[in-house]
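Reading through the C-alpha cells given below for one structure.
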Amino acid sequence: MRGIYIVGNDRVAENAIALLNSIRYYDREVPIYLIPFNEDYHNLAATVQAKHNVQLFPDLELVEAWTNKIAEIFDRDFLKLPNKMRKLVQWFGPLDEFLYIDTDIIVFEAIANVLDHLQNAEFLCCDYHFSGRGLEDVFSPYVRENNIFSDTELQDVFNSGFWGARKSILTETHLEQLLRECASHREYFDFSSGTTDQPILNYIILKSTSKRVNLVKLSENEPGSWAGSPHFQEKDRILYDGDRRLRYLHWAGSPMKPGGPYRDLWEYYRYLGETQPPSPPPPPQPSFWQKLMKKAKRQ
C-alpha cells in the first residue's frame, strides 16, 4: 500500500487545502493521511476528510508518544520545536511506500507516481539543494572536515519538504538510536536559518540507507521546483521551466502572501471548485510628506 502523508493543523489550513486541491485534481484515488502538528487540527481534519477523503493518522497515541520522546531526547535549545519531527511517525504508519509533502507546495501531476522509483531505491527526493545551498541548512563544516560522511554521501543532502521512502528502512529502535546520536552531536548540524527537522532527517537517511535516488540527477531535463525562481512560465495553470513541466512548486521560505511569487497560481488551486473571495485592497502608500517626516526621524 502506498500513498501520501502531510503534517498540518488549523493554522495552515489554507495552504493544506491548496495542496490537496492540486493533488486531487490529478489523482482522485491515492490514499492521503494527515498527521496533526498539534492539538489544534480538528477543523482542518474535518474539512479535508469531507473535501479530499483525507484520513487522520490512525494511531494518535503513537504520534504523541514520539513527540514526547523527541522532546526528552533533545534539549530545547537544540531542537526548539519537537512537533516538527512528528513526520517521523510515517515509518510506523499504514503505508508501505509513502510520499511526504509540505503544505507550502502545490503539484502539477499525479505526484504519487514518483514512488515508482522505490522499485530500485529505498528513499527518493526531487530537489537541487545539493547543488544550490549545498550543506547549508543541513550540516556544519565539521561533518566534512571530520569525515562523518563522505563527499559522495554529502551529495545526497535534500530539502525535507518533499521526499518518499519505504517503511521498511527504519524500526522504532533504530530511529531512536539515530535520534540519540544526533542529540549527542549538535556540532554536526546547521540550524542557523531556523530549520528544525531538515538537518536531523538528512542524518537519519544518510545513516539508514545507501539506496537513495534524487530524481533531478536522473535526467538533465528535470525542471526546478522552488518558488524563489522567477523564470517559470505559466500555461493553463501549470508552470514550466523552459519547455519542462514542473512536478511541483515549493515556496520553501519564499513569501506566500499577496504579492509573493506565483500567488495567482496558488489562489487558483486554493479556490478550485469554489468562488474565490475578492482580494483585499492593497495597503495605502505613504504620501511624499509622510516619507519625508519618517526619514527625518531616522536622522
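The values are calculated or read from the model by the stated rules, or taken from the named source; none is laboratory data. Since the model is a prediction, treat every value here as computed from it, not as a measurement. Neighbour counts are summed over all protein chains in view; Cβ atoms, including those assigned to glycine, are modelled from backbone coordinates with ideal geometry.
Taking region 28-65 on its own, how many of its residues are touching a Phe, Trp or Tyr at 6+ places or on another chain (Cβ under 8 Å) and assigned to a helix (DSSP H, G or I)?
Matching residues across region 28-65 total 2.
Taking the options Ser184, Ser193, name whichever one is among the polar types (S, T, N, Q) and touching a residue at least 40 places away in the same chain (Cβ under 8 Å).
Being among the polar types (S, T, N, Q) and touching a residue at least 40 places away in the same chain (Cβ under 8 Å) holds for just one of Ser184, Ser193, which is Ser193.
I'd like the residue in region 115-156 that is of a type in the set (S, T, N, Q) and assigned to a helix (DSSP H, G or I) and, out of all such residues, is nearest to Asp197 (Cα to Cα).
Among them, the one singled out is Thr152.
Give me the residue from region 157-207 that is in a helix (DSSP H, G or I) and among the basic types (Lys, Arg) and, out of that set, modelled with the lowest pLDDT.
For region 157-207, the residue satisfying everything is Arg186.
Considering only region 5-20, I want to know if a residue exists there that is over 20 Å from Met256 (Cβ atoms) and assigned to a strand (DSSP E or B).
yes
Do we have any residue at all in region 7-27 that's of a type in the set (Phe, Trp, Tyr), surrounded by fewer than 21 Cβ atoms within 10 Å (Cβ to Cβ) and either on the phi > 0 side of the Ramachandran plot or within 18 Å of the chain's Cα centre (by Cα) (or both)?
No, the conditions are met nowhere in region 7-27.
Whether any residue in region 202-217 is on the phi < 0 side of the Ramachandran plot, without any contact (Cβ under 8 Å) to a residue 24 or more places away in the chain and surrounded by 15 or more Cβ atoms within 10 Å (Cβ to Cβ) is what I want to check.
Yes, region 202-217 contains a residue that is on the phi < 0 side of the Ramachandran plot, without any contact (Cβ under 8 Å) to a residue 24 or more places away in the chain and surrounded by 15 or more Cβ atoms within 10 Å (Cβ to Cβ).
Output the residue which, of all residues in region 208-263 that are of a type in the set (Phe, Trp, Tyr) and not in a loop (DSSP other than H, G, I, E, B), is modelled with the lowest pLDDT.
Once the filter is applied, the top-ranked residue is Trp226.
Quick one: in region 66-94, which of the residues that are among the basic types (Lys, Arg) and outside any loop (DSSP other than H, G, I, E, B) is farthest from the chain's Cα centre (by Cα)?
That would be Lys69.
So, of the residues in region 128-156 that are of a type in the set (Asp, Glu) and modelled with pLDDT of 95 or more, which turns out to be farthest from Glu222 (Cα to Cα)?
Glu145
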